[in-house]
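Just so you know, all these numbers are worked out from the coordinates, no wet-lab data involved. Please read these numbers as outputs of a predicted model, since none were measured by experiment. Note that each Cβ is placed from the backbone with ideal geometry, even for glycine, and that neighbours are counted across all protein chains shown.
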Ligand SMILES: NC(=O)c1ccc[n+]([C@@H]2O[C@H](COP(=O)([O-])OP(=O)(O)OC[C@H]3O[C@@H](n4cnc5c(N)ncnc54)[C@H](O)[C@@H]3O)[C@@H](O)[C@H]2O)c1
Ligand SMILES: N[C@H](CO)Cc1c[nH]c[nH+]1
Ligand SMILES: [Zn+2]
């Protein structure tokens, strides 16, 4: 982890860049995968699973038996934990449903808006290096609450050509039946174009590595919607002398272990805290089964000594982290100043891992600075807001002249006539 002392603000934009491969490098591979899936459908998915995941699966779709037996393949304790997380996530997302009243903007002019579920959605559940069944809760719960009719789940098969039992168990809990053993760009292509076994969907959700994220961005050019670019996980921690260096190190490592292309950033006004956190990281890193992955991510990561809390906030808002942890005294003032971040964790006893698994908030969040413009997944991500209006004859008399005048001024006579022809009848 690189240590930087008081960098000039002029170099901040460079520091705020993520260590991602550029589009040019990935695009030819992804377009090649898209072409194969479009031309060969299911057969392409079999071939690509063999190439990238290690084995050609026996069947592309999980069977009802594979779903039914999952509950016997994981411990009772884990099932209980999944149910607790389910309940918290459901409770938090249920509150996001909104009911808009009918608004009478002028007498007889009635407007309203209704949330309508997207009918066909695709959920990508990462599984390349870790089976993220928690992501299935984060996507499946709001999809079900919204009322999506068709839910397709894609996840990479293991080296044995199977789907992890916790993913199968969670899918059963959610009542999701179409589970495809496909990962990476080929999964995104299958959900965008459809194959013999995989129905095409209107919107694709879910995080993933750079191949998945780039593939999702490319299918938007073909008319398929996506939730957001949710790529390699990242965290930025602001720590002052009230922080516990061991806690901060653990939080930084928790995101570093996601993948070699993850980035973690530590900001502090105290060089002593930074040195303590770095030595804690060295200690804790050795104990991790994913030490090699986390170590690679740490090579792309940095610890920066800043002049003031205000500077830390300014840098964080420029960086727009997926996760922001505040391990500082003045929690409320700094939290109020956050304008760019996916999800914020306040205080020494709020580990980011709580949001990853079970507190209730959604962990599918924008990375790579996209938090400047995108929100994380929520119930809203699974609905469209359709507007309706009903105008009475009296209402048209009230609003008609306004419309006629505006249409006239835009030189759009047919628009004006659509009102005038009615007014003449009244
Ligand atoms: N932003 C978020 O909300 C969020 C949430 C959870 C996880 N994540 C991120 O998701 C990612 C999960 O990554 P992962 O790799 O473990 O699983 P993954 O499921 O995203 O990707 C695995 C797939 O990548 C494809 N692939 C791998 N190497 C390839 C190559 N050289 N060419 C073409 N395709 C290739 C393969 O098809 C494989 O099935 C991590 O980067 C993690 O940080 C992000
Ligand atoms: N931190 C990830 C989001 O960037 C989510 C996750 C799933 N499992 C563990 N963590
Ligand atoms: Zn995580």
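Brief remarks follow.
- The ranking of 153, 236 from fewest to most other beta carbons within 10 Å of each one's beta carbon is 236, 153.
- Acute angle (nearest 10 degrees) that the helix 23-40 long axis makes with the longest principal axis of the chain, alpha-carbon atoms: 60 degrees
- In terms of other Cβ atoms within 10 Å, 141, 33 run from fewest to most in the order 33, 141.
- Highest average packing first - 124-132, 214-222, Cβ atoms within 10 Å: 124-132, 214-222
- Residue among 157, 199, 28 with the largest mean-square fluctuation in a Gaussian network model of the chain, springs linking Cα atoms under 10 Å: 28
- If you model the chain as an ellipsoid using its alpha carbon gyration tensor, with each semi-axis the square root of five times an eigenvalue, the axes come out at 41, 32, 21 Å, biggest first.
- Two-site FRET efficiency, residue 291 against residue 397, from Cβ-Cβ distance with R₀ of 51 Å, rounded to 0.05: 0.10
- Projected-area mean, segment 232-372, by convex hull of Cα positions, square nanometres: 7.4 nm²
- Gyration tensor over the Cα atoms of segment 162-229: the corresponding equivalent ellipsoid has semi-axes (square roots of 5 times the eigenvalues, largest first) of 21, 13, 11 Å.
- Nearest 10 degrees, 0 to 90: helix 210-219 Cα axis against the chain principal axis: 10 degrees
- Ratio of the Cα radius of gyration of segment 165-298 to 2.2 N^0.38 Å, where N counts its residues: 1.36
- Exposure proxy shown here: for 22, 251, the number of other Cβ atoms within 10 Å sets the order, fewest to most, as 22, 251.
- Extension reserve of the residue 384-residue 149 stretch, reckoned as 0.36 nm per residue once the Cα distance is removed: 83.2 nm
- On the basis of the beta-carbon distance and an R0 of 25 Å, residue 417 and residue 100 show a calculated FRET efficiency of 0.20.
- Kirkwood analysis of the Cα pair distances in segment 64-158 returns a hydrodynamic radius of 16.3 Å.
- Geometric descriptor of segment 1-131, per residue, is 348 Å³ (volume of the convex hull of the Cα atoms).
- Segment 191-256: proportion of alpha-carbon pairs further apart than 18 angstrom, %: 54 percent
- DSSP bridge analysis restricted to segment 69-156 gives an antiparallel fraction near 40%, rounded to the nearest 5.
- Counting DSSP beta bridges with both ends in segment 76-223, the antiparallel % (nearest 5): 20 percent
- Multiplying the residue separation of residue 279 and residue 56 by 0.36 nm and subtracting their alpha-carbon distance yields 75.9 nm.
- One decimal place: the segment residue 129-residue 242 gains 37.2 nm when fully extended, by the rule 0.36 nm per residue minus the C-alpha distance.
- Helix 184-193 vs. the chain, principal-axis angle (Cα, 0 to 90°, nearest 10): 10 degrees
- The chain - percent relative contact order, Cα under 8 Å, separation 6 or more: 21 percent
- Per-pair calculated FRET efficiency, R0 = 22 Å: residue 162 and residue 91 via Cβ, rounded to 0.05: 0.10
- Taking the DSSP beta bridges with both ends in the chain, the antiparallel portion is around 25 percent.
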